[in-house]
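Undergrad: One structure coming up, written as structure tokens, with questions to follow.
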Amino acid sequence: MKTPHILIIRFSAMGDIAMTVPIVYSLAKQYPNVRISVLSRPFARPFFQGLASNVCFMEADLKGEYKGLTGLNKLYRRLVAKQFTDIADLHNVLRTRFLRFRFLLGGYSVAHINKHKQGKKLLCREENKVFIQQPTSFQNYADVLKELGYPIKLEFTSIFPPEGGDLQRLPNIIGKKQKKERWIGIAPFAAHAGKMYPQEKMELVIRKLTEQHPSWRLFLFGGGKEEIEVLNRWATQYPQCLCVASVLKGLEQELILMSHLDTMVSMDSANMHLASLAGTRVVSVWGATHPYCGFMGWQQKEEDAVQINTLSCRPCSVFGNKPCHRGDFACMNNILPEEIVRRLEDGLQSE
């Protein structure tokens, strides 16, 4: 009889892949004799390396070596050689459906995610919304494993030990965190405009934090040329701030830093999920999207979600990629910077 060996497939965006980590960890811990291979994009390796002794990471470059139908067939042949017994498709898109179909023809045990699209559609429609909490991505992922015969109890705290990642692996400019010092992360960007707090208002948040808490350090997270330009401008204007992308190299170092933050202020974005994996509290800011769509960060608290609940148009989008029905982006523009600051302070012990 073959040793159980589960292939877990999830490509897509960073936040979606990050949300598989608590599932993979729980599976590995509760089924120590089962081998687990996670197939994902190359950037996701830091999420899974060292997660558990029975977990290994496999990367697939879908834009290069495994591009198109020819590439997927090549990838399938590579995967078959690993002698998997079960296939968990946590993505359920065209590429993974093709791979899933080939495994199914090969007689493998196969299951795929139910994304509950109809419930999300009813939640986000313009009129007569059905305002019901949708199953979280974590639960949807766990349901796939249950279908394969591996029910799990979700248990996960951080990819790091209780003391956090090793700060000595970071550049000297980060330094050692002093006992009474507060380290706050600010991640003001998101993939879509509907999920992003206006820049000028986020700068007011930063200004208020630096004025009210002169001993705090603020670490600004973002990537890409335009985002880094904004963050560096803020870092120049407010000496307590540091643009993380200008001093750290790669996702692994960013995760280490996140594990030492007292709080991360983030949009409904990948950084919310990255901080969650590091066991860090997140004050998340929600506009066009809503936690009811099921994408809240792992073990994040409802009271730490800053949002306007009196707008009947919210949520208007699952992913924040649709134009504003009202045209005034009230879901974000009407959130006061003072409210974000207050929510941040409320969760921290007094200095």
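The values are calculated or read from the model by the stated rules, or taken from the named source; none is laboratory data. Everything quoted here is computed from the prediction, not taken from an experiment. Neighbour counts run over all protein chains shown; Cβ positions are idealised from the backbone, glycine included. With ligands, DNA and RNA removed, areas are computed over all heavy atoms of the protein, side chains included. Shrake-Rupley method; radii C 1.70, N 1.55, O 1.52, S 1.80 Å.
Undergrad: Can you send over the solvent-accessible area of Tyr31, 1.4 Å probe, protein chains only, in Å² to the nearest 10?
TA: Roughly 60 Å² of Tyr31 is accessible to a 1.4 Å probe.
Undergrad: What percent does the relative contact order of segment 199-341 come to when contacts are Cα pairs within less than 8 Å and at least six residues apart?
TA: 20 percent
Undergrad: Pop the C-beta distance of Gln199 and Ala52 into the FRET formula with R0 = 51 Å and round what comes out to the nearest 0.05.
TA: Rounded to the nearest 0.05, the efficiency is 0.80.
Undergrad: Moving on to the next point. Can you work out the accessible area per residue across the chain, with the rest of the protein chains kept in place, probe 1.4 Å, in square angstrom?
TA: On a per-residue basis, 48 Å².
Undergrad: Let me ask another. Taking 0.36 nm per residue of separation and subtracting the Cα-Cα distance, what length does fully extending Gln237 through Tyr108 add?
TA: Separation in residues times 0.36 nm, less the Cα-Cα distance, equals 40.6 nm.
Undergrad: I'd like the carbon and sulfur percentage of the solvent accessible area for segment 151-303, probe radius 1.4 Å, heavy atoms only, ligands and nucleic acids excluded.
TA: On segment 151-303, the fraction of accessible area on carbon and sulfur atoms equals 49 percent.
Undergrad: Which of the following values of Cα extents along the principal axes in Å was calculated from the structure shown: (1) 77, 71, 42; (2) 64, 38, 32; (3) 65, 53, 37?
TA: Calculated Cα extents along the principal axes in Å: the matching label is (3).
Undergrad: Still on this model: Just want the answer: with Cβ charges of +1 for Lys and Arg and -1 for Asp and Glu, which residue in Ser26, Gly107, Ile308 is farthest toward the dipole's positive end in the chain?
TA: After comparing all options, I get Gly107.
Undergrad: How much of the accessible area of segment 1-144, in percent, comes from carbon and sulfur atoms when a 1.4 Å probe is used?
TA: Ligands and nucleic acids excluded, carbon and sulfur reach 53 percent.
Undergrad: Here is the link list: Lys179/Lys225; Lys115/Lys153; Lys176/Lys301; Lys180/Lys249; Lys117/Lys195; Lys146/Lys195. Which ones come out longer than 23 Å on Cα distance?
TA: Lys179/Lys225; Lys176/Lys301; Lys180/Lys249; Lys146/Lys195
Undergrad: Would you mind checking which residues have amide H under 5 Å from Val283's amide H? H placed 1.01 Å from N; only 5 or more apart, or other chain.
TA: Those qualifying (amide H under 5 Å, at least 5 residues apart or on another chain) are Met264, Val265, Ser266.
Undergrad: Just the accessible area for Cys324, please: 1.4 Å probe, Å², rounded to the nearest 10?
TA: Around 50 Å² of this residue is reachable by solvent.
Undergrad: Next question. Averaging sequence separations of C-alpha pairs under 8 Å and six or more residues apart, then dividing by the length of segment 113-212, give the relative contact order as a whole percent.
TA: 13 percent
Undergrad: Kindly state, to the nearest 0.05, the FRET efficiency for Lys301 paired with Val93, given R0 = 35 Å and r defined as their beta-carbon distance.
TA: Using R0 = 35 Å, I get an efficiency of 0.65.
Undergrad: Among Leu69, Leu154, Leu79, what's the order by accessible area (1.4 angstrom probe), most exposed first?
TA: Leu69, Leu154, Leu79
Undergrad: Any chance you could check the Cα centroid distance between segment 230-256 and segment 37-87 for me, in angstrom?
TA: Cα centroid to Cα centroid, the span is 32 Å.
Undergrad: List the residues whose amide H sits under 5 Å from the amide H of Ile113, counting only those 5 or more places along or on another chain, with H placed 1.01 Å from N in the peptide plane.
TA: Long-range HN contacts for Ile113: Asp89, His91, Asn92.
Undergrad: I'd like the accessible area for Glu147, computed on protein heavy atoms only with a 1.4 Å probe and all protein chains in place. Round to 10 Å², please.
TA: 130 Å²
Undergrad: Of Phe221, Phe319, which has the most accessible area and how do the rest follow, probe 1.4 Å?
TA: From most accessible down to least: Phe319, Phe221.
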